[in-house]
């Protein structure tokens, strides 16, 4: 089996035609970069901060609002739906079918379930909604990257257009979708197998970032856009965090803010003008408020920078609850 690297030299040209709003991007008056990063010459960063003494942001309310219970057993990812505003996508991890759950963000109610042909749940660990290859389309990214034993020969990220929730036809039903085109991005790490539970997508470049869980500290890897879908290829190591056991990640759809969480804490970055995603993640973060959950492995932003968390029910007699941390507009 041949493993190739993708040359990034043509990425920017392709991406400018593939995505809308990726040049001269301004978010709240801040200009963000849209030039493709030079991954071929990237030197992985290494951080040295103490994650336990980082300050906590005052941009969010300290305690979350409880939106209600979610009838899922092993929720392992959350993603705000851009095609269906007010709803959140989620999924279970290994041992479950290739099913997406659409959750009402105001109540925690599962309004519909979707089975997507062309996907297979070996160990789905995170989900993100972002932009992708076709202008004007929003995509679901599913990270089939879990590997507790760290011995899988390769991993996959599925990418496909967001399904549309048709309330009258779909409410309360299990919908089988067999007509959605699915990209399967197959890859290997440059340094062996890893268990990875945190994924985020940079909406300004289309790059996919993965943060590992079971290494001594969480490592960061990247799949630069455009990701090949017709070959197994080797991705890039981007850096080394100072925290451990990353279990979920998310980027705001503006590309301006990022959250990565483990079981105990949420780490928070804000992008500076002219800064790439990897340059932002190489800086020392602060923390976002987190009240704690029995086994929290899922997080997502909404477009207004509020964020939601959800726990697994595994090893707990408590049904997991959907929590919302409200952004405070200063």
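The values are calculated or read from the model by the stated rules, or taken from the named source; none is laboratory data. All values reported here derive from a predicted model rather than from experimental measurement. Cβ coordinates were reconstructed from backbone atoms using ideal geometry, including for glycine residues, and neighbour counts include every protein chain displayed.
What the table below lists for this structure:
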quantity	calculated
Matching residues, the stretch 186-212, being in a loop (DSSP other than H, G, I, E, B) and closer than 19 Å to residue 121 by Cα	193, 194, 195
Options 165, 139; residue that is at pLDDT 95 or above and assigned to a strand (DSSP E or B)	139
Of the criteria (1) in a loop (DSSP other than H, G, I, E, B); (2) modelled with pLDDT of 95 or more; (3) surrounded by 18 or more Cβ atoms within 10 Å (Cβ to Cβ), which one residue 112 fails	(1)
Only one of 146, 95 that is without any contact (Cβ under 8 Å) to a residue 24 or more places away in the chain and over 29 Å from residue 304 (Cβ atoms)	95
Within the stretch 30-75, tally of residues that are at pLDDT below 90, more than 19 Å from residue 280 (Cα to Cα) and touching a strand residue (DSSP E or B) at 6+ places or on another chain (Cβ under 6 Å)	1
Flag for residue 79 being at pLDDT 95 or above and over 20 Å from the mean Cα position of the chain (by Cα)	no
Which listed residue is without any contact (Cβ under 8 Å) to a residue 60 or more places away in the chain and either out of contact with any helix residue (DSSP H, G or I) (no Cβ under 6 Å at 6 or more places or on another chain) or not in a loop (DSSP other than H, G, I, E, B) (or both), from 90, 73, 106	106
Any hit, the stretch 312-328, residues being in a loop (DSSP other than H, G, I, E, B), modelled with pLDDT of 95 or more, more than 23 Å from residue 102 (Cβ to Cβ) and in contact with a helix residue (DSSP H, G or I) (Cβ under 9 Å, 6 or more places away or on another chain)	no
Meets criteria (in contact with a strand residue (DSSP E or B) (Cβ under 9 Å, 6 or more places away or on another chain), at pLDDT 95 or above and part of a strand (DSSP E or B)) for residue 217	no
Test for residue 144: is it at pLDDT 95 or above, under 22 Å from residue 77 (Cα atoms) and in contact with a helix residue (DSSP H, G or I) (Cβ under 6 Å, 6 or more places away or on another chain)	no
Close pairs (7 angstrom Cβ cut-off, 6 or more residues apart or separate chains): farther than 30 Å from residue 231 by Cα in the stretch 164-190, modelled with pLDDT of 95 or more and assigned to a loop (DSSP other than H, G, I, E, B) anywhere	165/84
